[in-house]
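Everything below concerns the one structure shown next.
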Amino acid sequence: MKRSIAAIVPHSFGSHDACADHEWCRFKLEKDYKRKSLPHCKDLADDFLKKDLEDLMGKYTTPAMCRKLAELQSTNSVENMNQLIARKAPKSMHFSGSESLDYRVSAAATQKNEGSSYICTVNETHKMTPGKVTAKRFQGIDRKRG
Ligand SMILES: [Zn+2]
């Protein structure tokens, strides 16, 4: 896992030496492979960005963090969180161009931590009446979720 994480930044900047053992690098399979996820299908190039990304990703290559990440990979909790985020911010919709994504991911995290009835709390905070039907519905959902 540590080698995979350490290969991500060099891979994004066009150096695939560290990608040798990783299936996710398409460049070693297809010589003419074009990146579809980066602007103009080109590698990242900014040295300051590279340094920042290396510093950021370095936090995830420590033995303790790799152990944590390896344990999280197989938990239902992570899958559940991913589903909550996917429901509120489907990949097919482009929410990352605005603050909408932040709000949607925050709503998913709040729902995960506090249950669906968080919506009633938000409504009350903003002096809006949640409504009896809404409150009753979320109580039922949260009870099932238990
Ligand atoms: Zn690569």
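The numbers here are math on the coordinates, done by the rules we state, and not lab data. These numbers were taken from a predicted model, which means no experiment stands behind them. Cβ sites come from the backbone with ideal geometry, for glycine too, and all protein chains shown count toward neighbours.
So how many Lys-Lys pairs in segment 2-72 land under 22 Å Cα to Cα, not counting same-chain pairs under 8 apart?
Qualifying lysine pairs in segment 2-72: 17.
Under 14 Å from the Cβ of Leu69, count the other residues' Cβ atoms, weight Lys and Arg +1, Asp and Glu -1, and hand me the total.
Details: positive: Lys2, Arg3, Lys59, Arg67, Lys68; negative: Glu71.
So the environment of Leu69 carries a net charge of +4.
Find, among the chymotrypsin sites (Phe, Trp or Tyr not before Pro) in segment 33-142, those assigned to loop by DSSP (not H, G, I, E, B) with at most 13 other beta-carbon atoms within 10 angstrom.
Tyr33
What residue among Ile85, Leu69, Ser12 has its Cα farthest toward the positive end of the dipole of the chain, where the charges are +1 on Lys, Arg and -1 on Asp, Glu, each on the Cβ?
Ile85
Whats the longest run of the chain with zero GluC sites (Glu not before Pro) that are DSSP loop and have at most 14 other Cβ atoms within 10 Å?
For GluC sites (Glu not before Pro) (loop position, at most 14 other Cβ atoms within 10 Å), the longest site-free span of the chain is 31-98.
Report the gain in length on full extension from His16 to Lys51: 0.36 nm times residue separation, minus Cα-Cα distance, nm rounded to one decimal.
Values: separation 35, 0.36 × 35 = 12.60 nm, distance 1.71 nm.
Here the answer is 10.9 nm.
Dipole size in debye (nearest 20) for the chain around its Cα centre, Lys and Arg Cβ +1, Asp and Glu Cβ -1? Can you show the working numbers first?
Details: 26 positive and 18 negative charges, 161 e Å.
So the magnitude is around 780 debye.
With a 4.7 Å Cβ cut-off, tell me which Cys residues in the chain come up empty for a partner.
Lone cysteines by the Cβ rule: Cys41, Cys66, Cys120.
Taking the Cα centre of the chain as the origin and placing charges on Cβ (Lys, Arg +1; Asp, Glu -1), which of Gln139, His94, Phe48 is farthest toward the positive end of the dipole?
Gln139
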